[in-house]
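See structure below.
Taken together, the values in this text are just the output of simple stated rules run on the coordinates, not laboratory data. From a predicted model like this one, the values you see are computed outputs, not experimental measurements. Heads up, the Cβs are rebuilt from the backbone with ideal geometry, glycines too, and the neighbour counts pull from every protein chain shown.
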Amino acid sequence: MSAQSQKNLQQYVLRLADNALIIGQRLSEWCGHAPALEEDIATANTALDLIGQARNWFAYASELDTDGRSEDQLALLRDERDYLNVLLVEQPNGDYGNTLMRQFIFDIWHFYLLEGLTRSADATISAIAEKSIKEVNYHVSRSSDLIIRLGNGTEESHGKLQEALNNLWRYSGELTLSDALDDEMLALGIGADLSGVERKFQAAITRGFHEASLVAPKIGYMQRGGKTGVHSESMGRLLAEMQVMQRSHPNLTW
Amino acid sequence: MYAQMVKATGKGVKTREQMDENERHFQDRIDNDIKIEAKDWMPEGYRKTLKRQISQHAHSEIVGQLPEGNWITRAPTLERKTILLAKVQDEAGHGLYLYCAAETLGISRDEMTEQLLSGKAKYSSIFNYPTLTWADMGAIGWLVDGAAIMNQVPLQYCSYGPYARAMVRICKEESFHQRQGFDIMNVLAKGSEAQKAMAQDALNRWWWPALMMFGPSDADSVHSAQSFAWNIKQNSNDELRQKFVDQTVPQAEFLGLNVPDSDLKWNDKKNGYDFGAINWDEFFAVIAGDGPCNKERLGARQKAWNDGAWFREALIVNAEKRAACKQAAE
Amino acid sequence: MSQKNEWPLWEIFVRGQHGLAHRHVGSLHAADAEMALNNARDVYTRRNEGLSIWCVPAAAITASAPSEKGPLFEPSNSKVYRHPTFYDIPKEIGNM
């Protein structure tokens, strides 16, 4: 593999790693604060799954790293512009309905993306996708179930979910927006076909919103930037918190 | 301990002659190690005391999520982050098991929650102390979970079936909690000067609150005597505290850390350590609500409960709608 | 904090991987049966994959004289950090 294609492959893997890590980090903020004990435990399970998946992706990104950076150095010591997660996952939790809506949109996309990646020509990627998709399958069923129930619950719960959808939908376009790196990885048989993912994502999410009695807003221009390192304001604070130990005590064992 | 201020009701232990037939039969079962189950007859005092004890225990698990939860988002490595998250999640699970055990006695989880949030119910004093550095995650696992285990292991054999079964599950799951804490301390103690200092600082701040977890001396308490007779308490507070000191001091020595007690000295005669006087004024102040973090801890639980009300309500309303639909379809 | 909004209580039974019958593992609260199943998966199979979960409304159980034994525990390999042997405790320390 040429140095450039190894770097590109690593960038692609880092996008997967960062998505799982950042949304896992956001979910873990709920630990001890969720609306019911059963929910607290369930949300922590999803966070544990996603951070576990992130660790697998980071381990692979570390193998591909020409500077020999470790899993933790990659996860916890890069500058903000070097994080390649989509904007959706870094959005602040808001209320529990907002968190669930963010999760629902993410889970459905994540599932179809991983489904594509199980067929990756890269054996490590397909193996990690294979392992992750079993967990994500459950994430989808859990978040869909809750969205449908809350959408058809009380007037208040319906209102909160519709508001969350209005706030978050603008970040959905980036999920399936292909750029040069996606195209290159697809051509090599390594990456997922985002146009196929988009079709399945749109069909499933439209069905979900319909069942939940919710309506996705019409958005003239979808927000983008996370995949290339241009993030929202809240990302800096998330990283400041997540990186504080590695930044203030570099090069130590914990 | 996790239920450190449980006042048993009643006026002391009755003699066999003072007991009526139900009470004698009940005491015989306990003395023969036959578990009491939810539907069995039990003295009102036993029921009341257990409700208090189990719910205090449950509240401690729930509030106990907060000091450690404080560091999940800041854990120094991804592995430490997952371990800590799994551990704090376990605490929620343990609270859940314990609430369910208490519910078998005829009190709902919402009632218990209300008692916690109104400040009427107590929880362990230890969780009102702040977690200031990463080393506090080590100190809590090592010292706080270490102390809790000493109390919880014998509770697996207590007389009330649902409580005992919850404790079996909890002890099984908790077995990794103390070890991960010690492991954090061990890595710090072998690390840089700054890491060692962080570990020592954590031990300095957590040592005395950990000893207070066992509660005030209860050697002469009539309440304890009744709880012993009912087999819902198996060791005196002082006995467990001594055991904890004897077990923990050599571990601190292994780590190369100093226990912050100038009176600490091995006593050959009693085959244990003598240790300094505990500041009980501090303990009672913390229990009464004047610890460093009481307001934050209770405030966080109140916020979670109030902010979550719409969510809990909506799911009930939705379930009712679904049930009605199903019925209409039949 | 009104009582009428409290989720009902469910008794949870899990059949593990070794072909034993379903066994009672504990209880939890959920708005209805489907949610109870989801919650049971999250609460009671954190360390083990129960192959099959039953949930029963606690109110629907008719109980004779109680005679339950302890709950079922299944080991799991998927989250090794949940097991005490994951941590190396120095020999000098002995049991922990």
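General observations
- Relative contact order (%) - the range B:256-330, alpha-carbon pairs under 8 angstrom, separation at least six: 13 percent
- Mean separation of Cα contacts under 8 Å, 6 or more apart, over the residue count of chain B: relative contact order %: 21 percent
- Equivalent-ellipsoid semi-axes for the range B:130-279 (Cα gyration tensor, √(5λ), whole Å, largest first): 29, 20, 12.
- Cβ-derived FRET efficiency at R0 35 Å, C:LEU37 paired with A:ASN166, nearest 0.05: 0.65
- Residues of type lysines that B:LYS295 reaches as a straight line, Cα spacing below 27 Å, ignoring anything fewer than 8 places off in the same chain: B:LYS7, B:LYS51, B:LYS81, B:LYS87, B:LYS120, B:LYS122, B:LYS303
- Rounded to whole Å, sorted largest first: equivalent-ellipsoid semi-axes of the range A:10-76, Cα gyration tensor: 28, 9, 8
- Of every Cα-Cα pair in chain B, the percent that sits beyond 26 Å: 52 percent
- Tensor-based shape of the range B:64-166 (alpha-carbon gyration tensor, a/c under 1.5 rounded, otherwise prolate or oblate): prolate
- Value at 222 nm in deg cm²/dmol, rounded to 500, when DSSP H runs of n ≥ 4 in chain B each add -39,500 (n - 2.57): -20000 deg cm²/dmol
- The mean number of partner chain beta-carbon atoms within 10 angstrom of a residue's beta-carbon across peptide B:178-185 is 4.
- Shielding by other protein chains, B:93-103, mean Cβ within 10 Å: 5
- By the Stokes-Einstein formula, at 1.002 mPa s and 20 °C, the protein assembly as shown with its Kirkwood radius over alpha-carbon pairs has D equal to 80 µm²/s.
- Sites C:ALA21 and A:GLU211, calculated FRET efficiency, Cβ-Cβ separation with R0 41 Å, nearest 0.05: 0.70
- Relative contact order (%) - criterion: Cα under 8 Å, at least six apart; region: the range A:3-248: 25 percent
- Peptides B:204-211, B:133-140, B:292-299 ranked from most to least packed give B:133-140, B:204-211, B:292-299, packing being the mean of other C-beta atoms within 10 angstrom over each peptide's residues.
- Taking A:SER172, A:SER144, B:SER192 and counting other C-beta atoms within 10 Å, the order from fewest to most: B:SER192, A:SER144, A:SER172
- The order of A:LYS160, B:LYS81, B:LYS51, B:LYS270, going from fewest to most other C-beta atoms within 10 Å of their C-beta, is B:LYS270, B:LYS51, A:LYS160, B:LYS81.
- Note on B:LYS326 and B:ILE34: the model spin-label points, each 7 Å out from Cα along the C-beta direction, lie 3.9 nm apart.
- With the convex hull of the Cα atoms taken as the outline of the range A:164-239, the averaged projected area works out to 6.4 nm².
- Exposure proxy ranking, count of Cβ atoms within 10 Å, fewest first, for C:TRP54, B:TRP142, A:TRP169: C:TRP54, A:TRP169, B:TRP142
- Rounded to the nearest 20 debye, dipole of the protein assembly as shown from Cβ charges on Lys, Arg, Asp, Glu: 620 debye
- Separation of alpha-carbon centers, the range B:248-282 and the range B:165-188, rounded to whole Å: 22 Å
- For the range A:3-248, the fraction of alpha-carbon pairs lying more than 24 Å apart is 43 percent, rounded to a whole number.
- Alpha-carbon Debye profile of the range B:136-210, log10 I(q)/I(0) at 0.19, 0.27 Å⁻¹: -0.74, -1.10
- In order along the range B:125-131, the Karplus-derived 3J(HN,Hα) couplings, from 6.51 cos²θ - 1.76 cosθ + 1.60 at θ = phi - 60°, round to 4, 4, 7, 8, 9, x, 9 Hz, and Gly and Pro are given as x.
- Cα-centre dipole for the range B:106-258 with unit charges at Cβ (Lys and Arg positive, Asp and Glu negative), debye to 20: 240 debye
- Point-to-point label distance, B:GLU17-B:GLU114, nm (Cα→Cβ direction, 7 Å offset): 4.5 nm
- Where labels lie 7 Å past Cα in the beta-carbon direction, separation of A:ASN93 and A:LEU177 in nm: 2.8 nm
- Helix A:3-28 axis, angle to chain A major axis (alpha carbon atoms, nearest 10°): 40 degrees
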